[in-house]
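The values are calculated or read from the model by the stated rules, or taken from the named source; none is laboratory data. Since the model is a prediction, treat every value here as computed from it, not as a measurement. Cβ placement follows ideal geometry from the backbone for every residue including glycine, while neighbour counts extend to all protein chains displayed. Surface areas here come from the heavy atoms of the whole protein model, side chains and all, with no ligands, DNA or RNA. Shrake-Rupley method; radii C 1.70, N 1.55, O 1.52, S 1.80 Å.
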Amino acid sequence: MTLLCNMDPARAAAFAEAFGRVLPDDIPLSFDAASVDPDDVRYLLSWLMPEDIDRYTNLEIMFSTGAGIDQFPFDRLPSNVKLVRMVEDGIIRMMQEYVALSVLMLHRNFIHYKEHQNKALWQPIPQPQTAERRVGVLGLGVLGQAVLDRLAPFGFELSGWSRSAKSIPGITCLSGNDGFAQLIATSDILICLLPLTEETAGLIDARIFSQMPKGASLVQVGRGAQLDHQSLLDALDQDRLSAAVIDVTEPEPLPADHPFWSHPRIMLTPHIASVTQPSTAAMAVSDNIRRHLQGQDLIGLVDRNRNY
Ligand code: NAP
Ligand code: GLV
């Protein structure tokens, strides 16, 4: 009943220590696919699906090291194997920090002030209060709800959009096509925390930027392929949008000659908004194995019909 972890040696050392504290003694742990009997592997933890997944004939759960699972080709994963994405406190906390920082930075015009600083320009910008700033989140899942929760005390007007209708105190919850149009038209700061699926690929494009309030800004933390990069550059250069914080791009790493690197009103980070934390991730995986063994629902189980 082995748990096999597929990761680089530095990560493996941190995960070995973390699993040592929480994984039940009767579940052997391995970081070396070559030395384990493939028939013993019931659980596999990996960022990508191994090419030779078919050799694990008794595999029951494929755990993704990341919260997103768009990098897993569903058609290659045997239909009896459950795919579970990472739901763990470290990812959630880091995303709350990153999005709160980005929203406050955009709200207080820091990207514009950096541009002014580069020109030695001492020039205050009129500052709305938080209650006058509308923040909209695409995706009301684990991370979308967590960032809204963290933003709430600042007093922004908060909205969110999801596939299914939701009710969250203090948040205008929207769904469906009409809800999407409303969220886009009323977001001064738009945050994308959607999973990458066929439906969300290329979703944020020129049409969306033309429907957002003039001078709005974007925080892109979902996946790079959701954003039409050229449309963002056009919208910034035409002053339709004022600024953007971009953590995910297509491709990654972004080529050195890509215009995002040098754009004065883009803050670019290398996909670090959230990084899976070994101590809390080991707890999440161990807890899910316990749940599986006890016949309980798994946390983060991917619905293969929705692809997230
Ligand atoms: P999640 O819990 O599965 O939530 C996904 C949300 O998106 C749900 O509210 C879902 O609606 C909504 N949704 C999905 N498809 C939709 C559609 N076609 N139309 C409308 N709503 C749709 O996922 P999560 O844990 O919050 O993570 C979200 C994504 O963040 C991940 O998939 C990953 O790509 C990204 N991420 C990025 C980083 C980073 O470092 N940049 C780190 C972690 C995760 P329902 O609630 O109705 O199902
Ligand atoms: C990171 O992007 C993740 O999906 O966890």
* **Unmet criterion (only one of (1) more than 21 Å from the chain's Cα centre (by Cα); (2) farther than 22 Å from Ala146 by Cα) for Asp287** => (2)
* Asked: Within the bounds of the range 245-258, is there any residue that is buried (at least 21 other Cβ atoms within 10 Å of the Cβ) and more than 13 Å from the chain's Cα centre (by Cα)?
  -> yes
* Filter the range 21-63 down to the residues that are touching a residue at least 60 places away in the same chain (Cβ under 8 Å) and buried (at least 17 other Cβ atoms within 10 Å of the Cβ), then identify the one that is farthest from Arg291 (Cα to Cα). => Leu45
* Structure fact -> Counting only residues that are surrounded by fewer than 12 Cβ atoms within 10 Å (Cβ to Cβ), part of a loop (DSSP other than H, G, I, E, B) and more than 22 Å from the chain's Cα centre (by Cα), the range 64-83 contains a total of 3
* Answer yes if at least one residue in the range 87-102 is in contact (Cβ under 8 Å) with a residue 24 or more places away in the chain, surrounded by fewer than 19 Cβ atoms within 10 Å (Cβ to Cβ) and touching a strand residue (DSSP E or B) at 6+ places or on another chain (Cβ under 7 Å), and no otherwise. => no
* Across the range 126-184, which residue is most open to solvent (accessible area, probe 1.4 Å) among those that are hydroxyl-bearing (Ser, Thr, Tyr) and assigned to a strand (DSSP E or B)? -> Thr172
* **Evaluation of Ser262 against (1) open to solvent by 60 Å² or more (accessible area, probe 1.4 Å); (2) within 21 Å of the chain's Cα centre (by Cα); (3) closer than 24 Å to Met105 by Cα (one fails), failing number** => (2)
* To do: Working only within the range 274-289, note down all residues that are buried (at least 23 other Cβ atoms within 10 Å of the Cβ) and either at pLDDT below 95 or near ligand 2 (Cβ under 9 Å from one of its atoms) (or both).
  => Ser274
* Verdict on Ala225 being within 19 Å of Gly144 (Cα to Cα) and open to solvent by 40 Å² or more (accessible area, probe 1.4 Å) -> no
* To do: Can you confirm whether the range 297-307 contains a residue that is farther than 27 Å from Leu101 by Cβ and among the basic types (Lys, Arg)?
  => yes
* Quick one: how many residues across the range 49-100 are aliphatic (A, V, I, L, M) and more than 16 Å from ligand 2 (Cβ to nearest atom)? -> 6
